[in-house]
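The block underneath contains the structure these notes are about, expressed in structure tokens.
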Amino acid sequence: MRRTIAKASLLTALNLLFFALIGTAVLAITYQLTHDPIARSEEMEKLKLIAQIAPAGSYDNDIIKDTTELEPDQLLGNDTATPAYLGRLNGVPSMAVMQVIAPDGYGGKIHMVIAIRSDGRIAGVRVVSDKETPGLGDYIEIAKSKWINGFAGKALDNPDAGGWKVKKDGGVFDYMAGATITPRAVVKAVHKALQYYALHREILFKAHASTAQAEKVKGEQQ
Amino acid sequence: MTSREFKDIFYNGVWKQNTGVVQLLGLCPILAVSSSVVNAVSLGLATMLVMTLSGAAIAPIRQLVPNEARIPVFILIIAVLVTVVQFTMNAYMYKLYVVLGIFIPLIVTNCIVLARIESFASKNPVLESALDGFAMGLGLTAVLAVLGGIREIFGHGTLLSGIDMVFGETAKSWVVTVVPDYHGFLLAILPPGAFITLGMLIAAKNWLNLRAEQNLKGAGATIVPVDGGCSPAMH
């Protein structure tokens with residue numbers, strides 16, 4: 001009796017193992033076949049997004065490849081290291097594209113990318129993903145409204161610290177009645193990203209630069 | 001398979017035992033993604049593909065699987081097929097993949113897939129099982145399309161918005177603006193809108209059934225409760 005039970009369990013286990021192996025093989029093959037197309041389409045999406053906020057001609061390097069990892073920082077809102085994309089023109093740093101998270105949206109975290117020119121002015125901001133109320137708070141998405149373009153050209157000193165708020169709170173940024181929590185979160189996150197950039201600008205660009213480029217950067221600063 | 005059987009399986013899947021408005025299985029993704037036609041139909045088609053493939057994959061091995069291990073084996077096979085579909089969408093329809101997000105992997109846990117495997121594919125030959133999966137998936141897709149259409153018209157005043165996620169930038173002109181300058185109706189887009197619309201669809205289906213039955217029996221027949229699968233008061 002005991003032997004038959006053991007035998008039956010063993011057979012069942014072997015059967016499971018057999019199907020698990022087949023399944024693994026199918027998945028391995030699919031992964032191999034789709035790995036490159038997936039990487040390509042992800043890269044293209046990123047490039048499209050970056051192209052929207054970092055005007056063509058403001059960098060001439062392969063910006064997707066020129067990255068540096070940003071450690072978790074309260075100013076960025078990230079809790080794991082995220083890559084920043086570095087634009088260079090003739091080898092000179094011209095642009096940094098950073099990923100920023102606003103933790104205090106109405107529907108949770110708002111993921112954004114922000115492109116900052118080397119002089120500290122914002123080239124552009126885009127919302128990558130959010131869970132704001134559809135039709136109410138989602139005007140921060142470029143597909144719904146041009147609101148997010150209001151950040152272009154702004155910098156830490158333009159407006160000054162007091163102005164980095166929505167108009168309702170005495171700042172300079174527009175908002176739509178009925179949804180102020182959302183733009184408040186975005187404005188705050190963009191402001192903090194600028195502060196981060198001001199603190200880390202040099203390390204940001206030096207991290208990945210070749211020695212020659214690093215020398216060049218140093219030369220400019222002196 | 002005779003053409004009679006073929007018709008039966010097809011009719012069963014698309015209309016009589018429709019997953020969306022009769023069996024009411026797998027409602028979570030139905031309600032979540034049906035806020036627009038494109039999202040709804042895309043997830044419907046992905047589910048249909050998985051159901052067809054899993055029917056065809058499980059029917060030939062139904063005698064190999066010991067009875068007590070069948071559920072894990074079935075789930076394993078379904079999961080593999082879903083992951084294949086997911087990888088493929090990720091590679092070739094990236095934007096749509098991002099929009100549908102978590103709901104693609106969740107097809108594995110959609111009870112309608114396992115339900116058809118358990119009640120049909122594990123007892124029938126390959127062709128029949130594939131057809132059953134296809135017909136059930138088609139019925140689900142049809143309900144999703146109608147649900148998505150109604151919610152999108154009431155919610156956004158458009159139809160087919162987001163079609164460019166499937167067919168590329170050129171498809172942007174296919175979007176139909178049903179109500180120009182519409183300000184949106186939030187309730188239709190949010191989850192309650194999905195429940196209300198689905199409830200109306202179920203009512204419409206039951207009404208059609210009832211009418212068909214009455215026509216059959218002639219004017220003098222008494223009204224018999226319809227097998228709607230959702231009438232607890234009748235029990």
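The values are calculated or read from the model by the stated rules, or taken from the named source; none is laboratory data. What you see is a predicted model; the values in this text were computed from it and never measured. Every residue, glycine as well, gets a Cβ built from its backbone with ideal geometry; the counts of neighbours run over all protein chains shown.
Across the range B:149-176, what is the number of residues that are within 17 Å of B:Gly44 (Cα to Cα), modelled with pLDDT of 80 or more and of a type in the set (Gly, Ala, Ser)?
Of the residues in the range B:149-176, 2 are within 17 Å of B:Gly44 (Cα to Cα), modelled with pLDDT of 80 or more and of a type in the set (Gly, Ala, Ser).
Each row is one residue, and each column tells you yes or no for (1) closer than 18 Å to B:Ala69 by Cα; (2) crowded, with 19+ Cβ neighbours inside 10 Å; (3) touching a residue at least 60 places away in the same chain (Cβ under 8 Å).
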| site | (1), (2), (3) |
| --- | --- |
| B:Val113 | yes, yes, yes |
| B:Ser119 | yes, no, no |
| B:Lys123 | yes, no, yes |
| B:Ala130 | no, yes, yes |
| B:Met136 | no, yes, yes |
| B:Val143 | no, yes, yes |
| B:Leu147 | no, yes, yes |
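Among the residues of the range A:104-112, is there at least one that is touching an Asp or Glu at 6+ places or on another chain (Cβ under 9 Å), within 14 Å of chain B (Cβ to nearest Cβ) and of a type in the set (D, E, K, R)? So that I can check it myself, show each step before the final result.
Pass one, the range A:104-112, residues touching an Asp or Glu at 6+ places or on another chain (Cβ under 9 Å): A:105-112.
Next, from what is left, pick out any that are within 14 Å of chain B (Cβ to nearest Cβ): A:106-107, A:111.
Then keep just the ones that are of a type in the set (D, E, K, R); that gives none.
Checked the range A:104-112: no residue is touching an Asp or Glu at 6+ places or on another chain (Cβ under 9 Å), within 14 Å of chain B (Cβ to nearest Cβ) and of a type in the set (D, E, K, R).
Name the single residue, out of those in the range A:125-141 being small (Gly, Ala, Ser) and surrounded by fewer than 22 Cβ atoms within 10 Å (Cβ to Cβ), that is nearest to the other protein chains (Cβ to nearest Cβ).
Keep residues of the range A:125-141 that are small (Gly, Ala, Ser), which gives A:129, A:135, A:137.
Among the residues that remain, those that are also surrounded by fewer than 22 Cβ atoms within 10 Å (Cβ to Cβ) are: A:129, A:135.
Values: A:Ser129: 8, A:Gly135: 4 Å.
Among those residues, the one meeting the criterion is A:Gly135.
Considering only the range A:17-48, state which residues are at pLDDT 85 or above, surrounded by 15 or more Cβ atoms within 10 Å (Cβ to Cβ) and of a type in the set (S, T, N, Q).
A:Thr30, A:Thr34
Would you check if there is a residue in the range B:13-34 being within 14 Å of chain A (Cβ to nearest Cβ), among the small types (Gly, Ala, Ser) and surrounded by 23 or more Cβ atoms within 10 Å (Cβ to Cβ)?
Taking the range B:13-34 first, the residues within 14 Å of chain A (Cβ to nearest Cβ) are B:32-34.
Right, trim to among the small types (Gly, Ala, Ser) and you get B:32, B:34.
Restricting the remaining residues to those that are surrounded by 23 or more Cβ atoms within 10 Å (Cβ to Cβ) gives B:34.
Within the range B:13-34, one or more residues are within 14 Å of chain A (Cβ to nearest Cβ), among the small types (Gly, Ala, Ser) and surrounded by 23 or more Cβ atoms within 10 Å (Cβ to Cβ).
Which of the residues belonging to the range B:161-181 are among the small types (Gly, Ala, Ser) and either surrounded by fewer than 13 Cβ atoms within 10 Å (Cβ to Cβ) or within 22 Å of the chain's Cα centre (by Cα) (or both)?
B:Ser161, B:Gly162, B:Gly168, B:Ser173
In the range B:70-107, how many are at the interface with chain A (Cβ under 9 Å from one of its Cβ atoms), at pLDDT below 90 and in contact with a Phe, Trp or Tyr (Cβ under 9 Å, 6 or more places away or on another chain)?
Residues flagged as at the interface with chain A (Cβ under 9 Å from one of its Cβ atoms), at pLDDT below 90 and in contact with a Phe, Trp or Tyr (Cβ under 9 Å, 6 or more places away or on another chain) within the range B:70-107 amount to 2.
Look at A:Gly77 and say whether it is without any contact (Cβ under 8 Å) to a residue 60 or more places away in the chain, more than 8 Å from every other protein chain (Cβ to nearest Cβ) and assigned to a loop (DSSP other than H, G, I, E, B).
Values: without any contact (Cβ under 8 Å) to a residue 60 or more places away in the chain: no; more than 8 Å from every other protein chain (Cβ to nearest Cβ): yes; assigned to a loop (DSSP other than H, G, I, E, B): yes.
Considered against the rule, which asks whether it is without any contact (Cβ under 8 Å) to a residue 60 or more places away in the chain, more than 8 Å from every other protein chain (Cβ to nearest Cβ) and assigned to a loop (DSSP other than H, G, I, E, B), A:Gly77 comes out as no.
Would you mind stating whether A:Lys65 is of a type in the set (Lys, Arg) and assigned to a helix (DSSP H, G or I)?
So A:Lys65 does not fit the description; no.
When you go through B:Phe120, B:Phe134, B:Phe154 one by one, which is the residue that is part of a helix (DSSP H, G or I), more than 26 Å from B:Ser3 (Cα to Cα) and aromatic (Phe, Trp, Tyr)?
On the way: B:Phe120 fails: more than 26 Å from B:Ser3 (Cα to Cα); B:Phe134 fails: more than 26 Å from B:Ser3 (Cα to Cα).
Result of the check over B:Phe120, B:Phe134, B:Phe154: B:Phe154.
Sort out which residues of the range B:50-69 are of a type in the set (S, T, N, Q) and either within 10 Å of chain A (Cβ to nearest Cβ) or in contact with a Lys or Arg (Cβ under 9 Å, 6 or more places away or on another chain) (or both), and write them in order of number.
Keep residues of the range B:50-69 that are of a type in the set (S, T, N, Q), which gives B:52, B:54, B:63, B:67.
B:Ser54, B:Asn67 - these are the residues of the range B:50-69 that are of a type in the set (S, T, N, Q) and either within 10 Å of chain A (Cβ to nearest Cβ) or in contact with a Lys or Arg (Cβ under 9 Å, 6 or more places away or on another chain) (or both).
Condition (residue is within 30 Å of B:Gln63 (Cβ to Cβ), within 14 Å of chain A (Cβ to nearest Cβ) and within 17 Å of the chain's Cα centre (by Cα)) applied to the range B:110-131: is it met by at least one residue?
Within the range B:110-131 (the criterion being within 30 Å of B:Gln63 (Cβ to Cβ), within 14 Å of chain A (Cβ to nearest Cβ) and within 17 Å of the chain's Cα centre (by Cα)), the answer is yes, since at least one residue qualifies.
Tally the residues that are part of a loop (DSSP other than H, G, I, E, B) and crowded, with 16+ Cβ neighbours inside 10 Å, restricting the search to the range A:156-186. Step through it out loud before you land on a result.
Taking the range A:156-186 first, the residues part of a loop (DSSP other than H, G, I, E, B) are A:156-157, A:159-160, A:164-165, A:170-172, A:174-175, A:177-178, A:180.
Still in the list and also crowded, with 16+ Cβ neighbours inside 10 Å: A:156, A:164-165, A:171-172, A:175, A:180.
So the count comes out to 7.
From B:Ala188, B:Ala171, B:Ala91, which residue is assigned to a helix (DSSP H, G or I) and either touching a residue at least 24 places away in the same chain (Cβ under 8 Å) or hydroxyl-bearing (Ser, Thr, Tyr) (or both)?
Details: B:Ala171 fails: either touching a residue at least 24 places away in the same chain (Cβ under 8 Å) or hydroxyl-bearing (Ser, Thr, Tyr) (or both); B:Ala91 fails: either touching a residue at least 24 places away in the same chain (Cβ under 8 Å) or hydroxyl-bearing (Ser, Thr, Tyr) (or both).
It is B:Ala188.
Given A:Ser58, A:Ser41, which one is farther than 23 Å from B:Ile75 by Cα, under 31 Å from the mean Cα position of the chain (by Cα) and facing chain B (nearest Cβ under 8 Å)? Steps first, answer last, please.
On the way: A:Ser58 fails: facing chain B (nearest Cβ under 8 Å).
Sole residue among the options that is farther than 23 Å from B:Ile75 by Cα, under 31 Å from the mean Cα position of the chain (by Cα) and facing chain B (nearest Cβ under 8 Å): A:Ser41.
Report yes if A:Leu86 is in the same structural domain as A:His200 (by TED's automatic domain parsing), part of a strand (DSSP E or B), more than 30 Å from B:Asn67 (Cβ to Cβ) and in contact (Cβ under 8 Å) with a residue 60 or more places away in the chain, otherwise no. Don't jump to the end; show me each part of the working.
On the way: in the same structural domain as A:His200 (by TED's automatic domain parsing): yes; part of a strand (DSSP E or B): yes; more than 30 Å from B:Asn67 (Cβ to Cβ): yes; in contact (Cβ under 8 Å) with a residue 60 or more places away in the chain: yes.
Taking the combined requirement at face value, the residue satisfies it.
Please pick out the residue among A:Thr12, A:Thr4 that is assigned to a helix (DSSP H, G or I), over 30 Å from B:Thr83 (Cβ atoms) and within 14 Å of another protein chain (Cβ to nearest Cβ). Before you say what the answer is, go through the steps one by one.
Values: A:Thr12 fails: over 30 Å from B:Thr83 (Cβ atoms).
Going through A:Thr12, A:Thr4 in turn, the sole match is A:Thr4.
Tally the residues that are in contact with a Phe, Trp or Tyr (Cβ under 9 Å, 6 or more places away or on another chain) and closer than 17 Å to A:Glu132 by Cβ, restricting the search to the range A:181-201. Let's see the steps before the verdict.
Quick first cut of the range A:181-201, residues in contact with a Phe, Trp or Tyr (Cβ under 9 Å, 6 or more places away or on another chain) only: A:181-188, A:190-191, A:194.
Imposing the further condition that a residue be closer than 17 Å to A:Glu132 by Cβ reduces the set to A:181-188, A:190.
Residues in the range A:181-201 being in contact with a Phe, Trp or Tyr (Cβ under 9 Å, 6 or more places away or on another chain) and closer than 17 Å to A:Glu132 by Cβ: 9 in total.
Looking at (1) of a type in the set (A, V, I, L, M, F, W, C); (2) within 13 Å of the chain's Cα centre (by Cα); (3) assigned to a helix (DSSP H, G or I), which is the only condition A:Ala102 fails?
Here A:Ala102 meets the rest and fails (3).
Being farther than 27 Å from B:Val21 by Cα and either within 14 Å of chain A (Cβ to nearest Cβ) or within 18 Å of the chain's Cα centre (by Cα) (or both) is the requirement here; does B:Met136 meet it? Talk me through it step by step, then tell me what you get.
Details: farther than 27 Å from B:Val21 by Cα: no; either within 14 Å of chain A (Cβ to nearest Cβ) or within 18 Å of the chain's Cα centre (by Cα) (or both): yes.
Answer is no for this residue.
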